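Structure first, then comments.
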Amino acid sequence: MAVSLHNSTGISRVGFDSQFLGSHSASKASVSVSFHSSLTNLSLKSVETSKQRSYRIAAMSKAESSSSDQVKLDISLSPRVNSVKPSKTVAITDHATALAQAGVPVIRLAAGEPDFDTPAIIAEAGINAIREGYTRYTPNAGTLELRTAICHKLKEENGISYSHDQIVVSNGAKQSILQAVLAVCSPGDEVIIPAPYWVSYPEMARLADATPIILPTLICDNFLLDPEVLESKISEKSRLLILCSPSNPTGSVYPKKLLEKIAEIVAKHPRLLVLSDEIYEHIIYAPATHTSFASLPGMWERTLTVNGFSKAFAMTGWRLGYIAGPKHFVAACNKIQSQSTSGASSIAQKAGVAALGLGYAGGEAISTMVKAFRERRDFLVKSFGELEGVKISEPQGAFYLFIDFSSYYGIEAEGFGKIENSESLCRYFLDKAQVALVPGDAFGDDSCIRISYAASLTTLQAAFERIKKALFSLRPAVPV
């Protein structure tokens, strides 16, 4: 479906189709999702049976041979890849960027990326690494210098102890998570994921031939997992529980007492492991505090802790993350990495050492960023809270606002059509307000839309006014 945008630059029409919609159909998707060739060849103990082959789509193309005979080429893709949906956040971000480059004045609030520059002392460490010739391969698991610094950070800030051989440094926390899922999950295993969730969790489970089990949460509970719901869904197939605190996309922070209740349930199931995604740990707003799941009694042995440098240190482009856990599991992650990407950038690793040297929780450089994020959060919570038909759970961390706009569903928008769900409302905002947001269905909750406030306060103020104006002609279909 195409939607047009008009502006005064002389560009009369800019369209978008299934790229925005995030279709995962091989015949419809226009988003290109690529995987490292060696990664897709990983042995996952999954064998394509003859029955699967019979149902597999045989996509054929024709090529002319030198003798003018037509030769059919099989261009079918792996069923594993075909089961994976493209990242909707990446698709929308790329689309909004293309619109902006075409001259459309789009305000982009879709990406999960700090708008701050990498702190100067970190950037200088990277520059010096280049100047000093530190540009060769490093050990696959990361330099001893960086892994030692990570061990120190985890002990001092998180209360969890590891040796350097229990750390693997990767090209971003996303790679660390994927490798962990591949390392511990077998075909038929279940990965338990509270919703709303980061868009990649279910797809990573599918790449491991595991089944994502989605546990919905409620906005009235601040999108936090109910331990009783968790307990009711655990089975003999349950292998991995993924927790993200502070959360993307909700900004929710799990209190220690709630995590302790979850830990008590997890402890009853010898086969159940926990992946704790703590990438936003330093972007947190008092009085909320961060608790590492591995620090809870009995949880160190079964927890894989993932963290990185992208969010707190504004280092998204440096691509640097890490996993910490029992040696048996971490060694498996290291093995996967050795046969896929090998070690992270030597330059980025030097910068990572400098980042961890800024002091507790990143020191003043990070606290300055967090202060700005909090100011932006407060503005948006107050502003959207004054609008009719809006529900908000005030985020305690990260830099996202996950707003329930579902009272506007079912309304016919003049010149646009019916607002049916989060996706169509996001298209309405892009068309009428020229603001790019991410529909909640990408995160497993179609009632909401994610707004990233990793943008200047001035930009957020302009975006709010545009959204407010676009909503003015709409009226909630049901009372709130």
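The values are calculated or read from the model by the stated rules, or taken from the named source; none is laboratory data. Note that the structure is a prediction, hence the values are computed from the model and not measured. Cβ atoms come from the backbone with ideal geometry, glycine included; neighbour counts cover every protein chain shown. Keep in mind that these areas ignore ligands, DNA and RNA; they rest on the heavy atoms of the full protein, side chains included. Shrake-Rupley method; radii C 1.70, N 1.55, O 1.52, S 1.80 Å.
If you go through region 330-346 and keep only what is buried (at least 19 other Cβ atoms within 10 Å of the Cβ) and of a type in the set (A, V, I, L, M, F, W, C), you end up with Val330, Cys333, Ile336, Ala344. Taking the criterion of being out of contact with any Lys or Arg (no Cβ under 8 Å at 6 or more places or on another chain) and among the charged types (D, E, K, R), would at least one residue in region 190-201 satisfy it? The answer is no, given that none of the residues of region 190-201 is out of contact with any Lys or Arg (no Cβ under 8 Å at 6 or more places or on another chain) and among the charged types (D, E, K, R). On the stretch given as region 277-298, residues that are in contact with a strand residue (DSSP E or B) (Cβ under 8 Å, 6 or more places away or on another chain) and outside any strand (DSSP E or B) total 11.
The residues on offer are Val274, Val253, and the sole one that is crowded, with 20+ Cβ neighbours inside 10 Å, outside the structural domain of Leu380 (by the TED database), β-branched (Val, Ile, Thr) and part of a strand (DSSP E or B) is Val274. Within region 300-320, none of the residues are under 19 Å from Val169 (Cα atoms), in a helix (DSSP H, G or I) and open to solvent by less than 10 Å² (accessible area, probe 1.4 Å).
Candidates are the residues of region 321-330 that are in a helix (DSSP H, G or I) and touching a residue at least 40 places away in the same chain (Cβ under 8 Å); the one that is farthest from Val181 (Cα to Cα) is Lys327. Condition test on Lys327, is it surrounded by fewer than 17 Cβ atoms within 10 Å (Cβ to Cβ) and either closer than 30 Å to Ser407 by Cβ or in contact with a Cys (Cβ under 6 Å, 6 or more places away or on another chain) (or both)? No: the conditions fail for Lys327.
If you go through region 387-409 and keep only what is open to solvent by 50 Å² or more (accessible area, probe 1.4 Å), at pLDDT 95 or above and more than 22 Å from the chain's Cα centre (by Cα), you end up with just Lys391. Whether a residue is in contact with a Leu (Cβ under 8 Å, 6 or more places away or on another chain), crowded, with 21+ Cβ neighbours inside 10 Å, in contact (Cβ under 8 Å) with a residue 12 or more places away in the chain and not in a helix (DSSP H, G or I) was assessed, and Leu380 does not pass this test. Scanning region 185-227 for residues that are of a type in the set (Ser, Thr, Tyr) and surrounded by fewer than 22 Cβ atoms within 10 Å (Cβ to Cβ) turns up Ser186, Ser200, Thr211. Taken over region 430-462, residues that are of a type in the set (Gly, Ala, Ser), crowded, with 24+ Cβ neighbours inside 10 Å and under 15 Å from Val106 (Cβ atoms) amount to 2. Those residues that are small (Gly, Ala, Ser) and either open to solvent by 50 Å² or more (accessible area, probe 1.4 Å) or out of contact with any helix residue (DSSP H, G or I) (no Cβ under 7 Å at 6 or more places or on another chain) (or both), I need them from region 410-429; list them, please. Answer for region 410-429, where residues must be small (Gly, Ala, Ser) and either open to solvent by 50 Å² or more (accessible area, probe 1.4 Å) or out of contact with any helix residue (DSSP H, G or I) (no Cβ under 7 Å at 6 or more places or on another chain) (or both): Gly410, Gly415, Gly417, Ser424. A residue that is outside any helix (DSSP H, G or I) and open to solvent by 50 Å² or more (accessible area, probe 1.4 Å) occurs nowhere in region 238-250.
For region 425-462, the candidate set comprises residues that are touching a Leu at 6+ places or on another chain (Cβ under 9 Å) and of a type in the set (Val, Ile, Thr); within that set, the residue that is nearest to Gln396 (Cα to Cα) is Ile451. For region 124-138, filtered to residues that are of a type in the set (A, V, I, L, M, F, W, C) and buried (at least 16 other Cβ atoms within 10 Å of the Cβ), the residue that is farthest from Met369 (Cα to Cα) is Ala129. I need the full set of residues from region 85-109 which are part of a helix (DSSP H, G or I), surrounded by fewer than 21 Cβ atoms within 10 Å (Cβ to Cβ) and among the small types (Gly, Ala, Ser), in order please. Scanning region 85-109 gives Ala98, Ala100. Being out of contact with any Cys (no Cβ under 7 Å at 6 or more places or on another chain), assigned by the TED database to the domain that holds Leu273 and in a helix (DSSP H, G or I) is not true of Ala180.
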